[in-house]
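Supplied in structure tokens, the structure appears directly below.
The values are calculated or read from the model by the stated rules, or taken from the named source; none is laboratory data. What you are looking at is a predicted structure, and each value in this text was computed from that prediction instead of being measured. Using ideal geometry, Cβ is built from the backbone for each residue, glycine included, and neighbour counts are taken over all protein chains shown. With ligands, DNA and RNA removed, areas are computed over all heavy atoms of the protein, side chains included. Shrake-Rupley method; radii C 1.70, N 1.55, O 1.52, S 1.80 Å.
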Amino acid sequence: MASFMSGFLANHEEMSEEATEREQFEFGSACKLLIEAEGKDALKRNKVINAARADSILTGLTLAIRANPDISAGTVSSALRKLEHDEDFLESTQKSTSHRTSVRKRLDSALRAFSE
């Protein structure tokens, strides 16, 4: 995963100002909505932030906001509850988290949960 990310970032070093502003706005909106929905510990499980869980939740929510800027805190809370009962999501955020299959599973789960 580290080599993939290094290669990706090397190939995408420059973003337009418009794209940068959009990404910052959407990510900031995702963070604010997550806090509104679940409070300051929204990304924690058992009092600890799990990076695999956090990356998939923030990615899924950011893309959901892009598709539907009016997504509500209630919808976010519901999606997070779904994820906590999704066996693929739970497994892929706890075991072999950098493996391509795990990354794909957790992102698919998060994207599905936030788009329903």
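Can you tell me, using C-alpha contacts under 8 Å and at least 6 residues apart, the relative contact order of region 2-106 as a whole percent?
Numbers: 62 pairs, mean separation 24.8, N = 105.
The normalised contact order for region 2-106 reaches 24 percent.
Could you please tell me the mean projected area of the C-alpha convex hull for region 34-95, averaged over all directions and given in square nanometres to one decimal?
Values: hull surface 16.3 nm².
Mean shadow area of the hull around the Cα atoms is 4.1 nm².
Using θ = phi - 60° and the Karplus form 6.51 cos²θ - 1.76 cosθ + 1.60, what ³J(HN,Hα) does each residue of region 73-83 get, whole Hz, x for Gly and Pro?
Those phi angles translate into 4, x, 5, 5, 4, 4, 5, 5, 5, 4, 5 Hz.
Here's a follow-up. Once all Cα-Cα distances of region 75-116 are split into 5 Å bins that start at 0, what whole-number percent is in each one?
P(r) for region 75-116, in whole percents per bin: 5, 29, 33, 19, 11, 3.
Determine the share of region 1-68's accessible area contributed by carbon and sulfur atoms, expressed in whole percent, with a 1.4 angstrom probe.
Numbers: 2710 of 4770 Å².
Roughly 57 percent, rounded to a whole number.
How large is the charge dipole for region 1-73, taken about the Cα centre, if only the Cβ atoms of Lys, Arg (+1) and Asp, Glu (-1) carry charge, to the nearest 20 debye?
Numbers: 8 positive and 12 negative charges, 121 e Å.
Magnitude of the dipole: close to 580 debye.
For the chain, build the charge dipole from Cβ charges (+1 Lys, Arg; -1 Asp, Glu) around the Cα centre, then report which of Q94, N68, L107 sits farthest towards its positive end.
After comparing all options, I get Q94.
Moving on to the next point. Over the chain, average the accessible area per residue using a 1.4 Å probe and give it in Å², no decimals. Working shown, then result.
On the way: 7640 Å² over 116 residues.
Accessible surface, normalised per residue, equals 66 Å².
Given charges of +1 on the Cβ of Lys and Arg and -1 on the Cβ of Asp and Glu, with all other atoms neutral, how large is the dipole of region 35-107 about its Cα centre, in debye to the nearest 20?
Details: 13 positive and 10 negative charges, 57 e Å.
Value, rounded to 20: 280 debye.
Roughly what percent of Cα-Cα pairs across the chain reach past 19 Å?
On the way: 3227 of 6670 pairs.
Of all Cα-Cα distances in the chain, 48 percent exceed 19 Å.
What is the count of Lys pairs in the chain whose alpha carbons sit under 23 Å apart, if the two are 8 or more places apart or on different chains?
Lysine pairs meeting both conditions in the chain amount to 13.
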